[in-house]
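Before any comments, here is the structure.
The values are calculated or read from the model by the stated rules, or taken from the named source; none is laboratory data. Computed from a predicted model, the values in this text were never measured in an experiment. Glycine gets a Cβ as well: all are built from the backbone with ideal geometry, and neighbour counts include every protein chain shown.
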Amino acid sequence: MTTAASGTNPAQGTPASDARGAGGTRVARGADSSAVGPYLAERLHDDSWRRCSVAIISGGKSNLTFLVTSGTGEEVVLRRPPLSSVLATAHDMAREHRVLTALQDTPVPVPRVRLLCDDDAVIGAPFYVMDRVLGHIVRGTLPAGYADTGRQRAAMTTALVEVLAAIHRVEIVGRLEGFGPPSGYLDRQLRRWTKQWEASRQNPLPELDALAGRLAAARPRQRETTLVHGDYRLDNVILDPVDPGRVAGVLDWELSTLGDPLADVGLLLVYWGDKQRGVPSIVPTVTTQAGFPDPDEVAQLYQSCSGRDVSDLPWYVAFGSFKLAVIAAGVAARMRAGAMSAGPEAPGQDALDAAAAAVALLVAQGHDVLSGLAG
């Protein structure tokens with residue numbers, strides 16, 4: 001789950017302050033400049049990287065993201081797994097690198113990838129490096145004077161949904177064969193997230209177990225297979241710094257695979273929240289503010305952009321609630337294990353409590369949606 005900072009900094013997140021090592025270079029736990037700099041200098045054929053600075057981008061409840069600045073001021077972004085991982089299979093740098101590389105010349109806007117390092121000896125884990133994309137990452141607040149009219153907010157929503165539809169139109173053949181099995185996505189997802197829950201489980205939660213069972217019993221037929229992002233929402237994209245109706249880049253592809261496109265839509269709606277029905281988003285978001293469409297309108301917009309039948313979408317919303325509940329449980333487990341302690345903005349007890357509370361809220365939401373289907 002992305003936790004990039006809101007709005008004010010035009011980049012892939014906001015760098016946190018960090019310690020300075022010998023010679024004034026900044027040292028970030030998990031991506032030490034003394035290791036990163038020489039490696040980039042060699043791979044990018046530019047000695048200005050040898051005396052680089054590295055700053056962790058604030059947040060980071062999953063993969064860690066760092067801003068790396070060369071001696072001449074050039075900037076790139078480095079992604080690596082958490083410092084320790086409860087669920088290591090969710091942090092595959094090679095998969096992220098592959099999908100970003102495959103999307104370089106498509107209508108899906110993504111950062112330009114520079115390199116993949118699969119040698120753990122460099123910084124202790126695999127990582128990849130990409131260009132920094134300028135723009136706004138919007139979460140709980142909007143930048144001052146940005147998207148402050150209903151028309152601009154509607155345009156932001158349209159751009160977000162159009163890019164999602166573009167992701168689902170990417171040609172698999174010649175780009176992403178073998179990125180995921182061609183069928184059986186929903187079965188695999190239910191098994192995967194149930195297994196993830198079992199691995200993260202620290203306290204009994206029979207309501208979450210029951211939700212998994214209800215989802216399996218009501219599972220719809222998968223109608224097609226496309227590229228899916230796996231965690232698509234507003235704060236996983238970079239918006240143009242001037243035009244809120246343009247997405248400059250899509251981030252956080254760690255959960256991407258080949259699967260059912262409606263799973264992305266259902267998850268987006270869980271994140272969206274519903275001001276009409278008083279249902280909050282599980283993460284801070286601006287989408288419940290005046291001027292943003294409600295979830296039903298977002299669903300209809302996706303149907304219009306993609307041409308897909310969305311009549312089964314409520315099940316996917318319930319599944320999205322289940323998936324996020326499991327992710328929130330995993331986040332809480334990693335907090336307790338100290339796997340997210342890089343940088344001075346490491347989460348405290350309040351963040352741990354919030355993650356635990358999110359699990360209960362999401363499980364209740366999933367049951368409510370399924371009960372509506374049954375009714």
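Taking every residue in segment 162-190 that is charged (D, E, K, R) and pairing it with any residue that is outside any loop (DSSP other than H, G, I, E, B), at least 6 positions away or on another chain, the pairs with Cβ-Cβ distances below 7 Å are Glu162/Cys305; Arg175/Ala102. Kindly indicate whether any position in segment 90-97 is surrounded by fewer than 18 Cβ atoms within 10 Å (Cβ to Cβ), under 17 Å from the mean Cα position of the chain (by Cα), assigned to a loop (DSSP other than H, G, I, E, B) and not hydrophobic (A, V, I, L, M, F, W, C). Checking segment 90-97: at least one residue is surrounded by fewer than 18 Cβ atoms within 10 Å (Cβ to Cβ), under 17 Å from the mean Cα position of the chain (by Cα), assigned to a loop (DSSP other than H, G, I, E, B) and not hydrophobic (A, V, I, L, M, F, W, C).
Against the numbered list (1) assigned by TED's automatic domain parsing to the domain that holds Ile238; (2) surrounded by fewer than 17 Cβ atoms within 10 Å (Cβ to Cβ); (3) within 25 Å of Gly180 (Cβ to Cβ); (4) aliphatic (A, V, I, L, M), Ala155 comes up short only at (3).
Within segment 123-143, being under 21 Å from Ala159 (Cβ atoms) and either among the β-branched types (Val, Ile, Thr) or without any contact (Cβ under 8 Å) to a residue 40 or more places away in the chain (or both) holds for Val133, Ile137, Val138, Thr141. When Val270, Val250 are checked against the criterion of being hydrophobic (A, V, I, L, M, F, W, C) and farther than 29 Å from Asp131 by Cβ, Val270 stands alone in meeting it. Give Thr257, Thr226 a once-over and let me know the one that is under 25 Å from Val173 (Cβ atoms), polar (S, T, N, Q), touching a residue at least 12 places away in the same chain (Cβ under 8 Å) and in contact with a Pro (Cβ under 7 Å, 6 or more places away or on another chain). Result: Thr226 is the single residue among Thr257, Thr226 that is under 25 Å from Val173 (Cβ atoms), polar (S, T, N, Q), touching a residue at least 12 places away in the same chain (Cβ under 8 Å) and in contact with a Pro (Cβ under 7 Å, 6 or more places away or on another chain). Of the residues contained in segment 302-309, one or more are found to be at pLDDT 85 or above, among the acidic types (Asp, Glu) and closer than 26 Å to Arg191 by Cβ. The residue pairs whose first member lies in segment 289-308 and is among the β-branched types (Val, Ile, Thr), whose second member is part of a loop (DSSP other than H, G, I, E, B), and whose beta carbons are closer than 8 Å, counting only pairs six or more residues apart or on different chains, do not exist in this structure. When segment 139-170 is filtered for residues that are modelled with pLDDT of 95 or more, within 24 Å of Glu254 (Cβ to Cβ) and part of a loop (DSSP other than H, G, I, E, B), the ones remaining, listed by number, are His168, Arg169, Val170.
Conditions tested, residue by residue: (1) surrounded by fewer than 16 Cβ atoms within 10 Å (Cβ to Cβ); (2) at pLDDT 95 or above.
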position	(1), (2)
Ala31	no, no
Ala41	no, yes
Asp46	yes, yes
Ser58	no, no
Lys61	no, no
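Of all the criteria given as (1) in contact with a helix residue (DSSP H, G or I) (Cβ under 6 Å, 6 or more places away or on another chain); (2) farther than 20 Å from Val138 by Cβ; (3) at pLDDT 95 or above, the one not satisfied by Gln222 is (3). Can you tell me which of (1) at pLDDT 95 or above; (2) of a type in the set (Gly, Ala, Ser); (3) not in a loop (DSSP other than H, G, I, E, B) is the one Gly71 doesn't meet? Unmet for Gly71, out of (1) at pLDDT 95 or above; (2) of a type in the set (Gly, Ala, Ser); (3) not in a loop (DSSP other than H, G, I, E, B): (3).
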